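The structure under discussion appears below in the form of structure tokens.
The values are calculated or read from the model by the stated rules, or taken from the named source; none is laboratory data. Quick caveat: nothing in here was measured; it's all calculated off a predicted structure. Glycine also receives a Cβ, built like all others from the backbone with ideal geometry; neighbour counts cover every protein chain displayed.
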Amino acid sequence: MENPIEKLVEQFIVACSWNSWETITQLVPEIVSEGGKRATPTLLKIAEDSLKGLPTRKMALEMIGMIQDEEVIPELQIILRNKRGVKRKTLRGIPEDSDKMDDEEYIQDEVVLTMGKIQGTSAELDELIHRDMRITRGTLSGKKITPSLTEEIGEFEEYNMIWYKIEPGDAIHRYMGGFGGPLGHAGIYIGCKKGEELEDCRNHKIIEMSPKRCVTNNLYNFCHHEDAPSDSFWGFRKHRSITRPGRKIIFERAKGMAQKQARYSFFAGYKSPEIPTFRCDGLVEWCYEQAVREGIVDDNNWMDLTPSLQACSPKFSRVIDCPFDRRCFI
């Protein structure tokens, strides 16, 4: 007789391969609530299977963390030990940094974080997580994380406050190709430093969640996504209650998470600054909640929020189209 939980997990794998967000959001709560501990053996197999793809394996580990089955800790430790021997791949001509880490190294970090979610966040466990991440990123023995991911973006006052009606702290959204599709992608516009060429969109900085962690990027790269059309940008959005001090708070919170390299989390950790983990829309929502209590969307869990819902929120009073020549994004 077929195990109904294994059938649900198989449907989840198919949904991931087809980038079906709606199906995934339906299946995950079923697997976690109805499957519970019965689902963990199958989810563990997915996490170990390098052929399943990084997003699917990562989501499987996130579900294990949501199930809170302490009996799975020894098996997670075995996975961690088995993957410790993985060596970092060096890209010729490109400095090593933590966003180019091997998928297996990334899974090591995810396993440690999953253990942390199950066991709680005691001081000892926090140290285990931080120590293990330093080991897997190769940052012991005086080696530092390359600053390309946590690029120093300066202080709030170093940026032009208003240019063509766009300002630091504006929320930005775009169509997202592949997994996210029309649900979109979100980020926070940081601005262009005083003295730099304003007409070059590459000088305009943004902060976003990459598939692995929170990074500083530029507006060109945000809009010029390989899976999205060149006209995918949905504009700069201005919250009805935002003030200049509020913009500074958004700037500082986003910058802080980029410096901490907050990790990407699709499900329960979609907006968890204490870990820290975020999804792209969760990062934007949290930053705005620090500046204006009402935030953008009234979300209670990871299923209540998407970038497209943020972009359509009535709490945004104005939308500013891209001020750059469209050739910038082609």
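What is the one condition in (1) buried (at least 16 other Cβ atoms within 10 Å of the Cβ); (2) outside any loop (DSSP other than H, G, I, E, B) that S317 does not satisfy? Tallying (1) buried (at least 16 other Cβ atoms within 10 Å of the Cβ); (2) outside any loop (DSSP other than H, G, I, E, B), S317 fails exactly one: (1).
Scanning the stretch 47-77 for residues that are among the β-branched types (V, I, T), within 19 Å of the chain's Cα centre (by Cα) and surrounded by fewer than 21 Cβ atoms within 10 Å (Cβ to Cβ) yields a total of 1. Among the residues of the stretch 274-295, those that are in contact (Cβ under 8 Å) with a residue 12 or more places away in the chain and surrounded by fewer than 19 Cβ atoms within 10 Å (Cβ to Cβ) comprise E274, I275, Q290, V292, E294.
Mind listing just one residue for me: the one in the stretch 149-168 that is part of a loop (DSSP other than H, G, I, E, B), modelled with pLDDT of 85 or more and touching a strand residue (DSSP E or B) at 6+ places or on another chain (Cβ under 7 Å) and, of those, nearest to Q290 (Cα to Cα)? Ranking the qualifying residues of the stretch 149-168, first place goes to P168. Of note, I79 does not satisfy the criterion of being closer than 17 Å to V32 by Cβ and at pLDDT below 85. Tell me whether the stretch 280-292 contains one or more residues that are over 25 Å from G154 (Cα atoms) and aliphatic (A, V, I, L, M). No, the stretch 280-292 contains no residue that is over 25 Å from G154 (Cα atoms) and aliphatic (A, V, I, L, M).
Within the stretch 32-48, residues that are farther than 18 Å from N82 by Cα have Cβ atoms under 8 Å from residues that are in a helix (DSSP H, G or I) and of a type in the set (G, A, S) in these pairs: V32/A39, counting only partners at least 6 apart in sequence or on another chain. The residues of the stretch 296-314 that are assigned to a loop (DSSP other than H, G, I, E, B), touching a residue at least 40 places away in the same chain (Cβ under 8 Å) and touching an Asp or Glu at 6+ places or on another chain (Cβ under 9 Å), listed by number, are I296, T306. For V14, the conditions (1) in contact with an Asp or Glu (Cβ under 7 Å, 6 or more places away or on another chain); (2) over 17 Å from V72 (Cα atoms); (3) hydrophobic (A, V, I, L, M, F, W, C) all hold with the exception of (1).
Selection over the stretch 25-46 of residues that are under 19 Å from the mean Cα position of the chain (by Cα) and either at pLDDT below 85 or over 21 Å from F278 (Cβ atoms) (or both) gives a count of 1. Count of the stretch 252-273 residues, restricted to those that are within 28 Å of E158 (Cα to Cα), out of contact with any strand residue (DSSP E or B) (no Cβ under 6 Å at 6 or more places or on another chain) and assigned to a loop (DSSP other than H, G, I, E, B), is 1.
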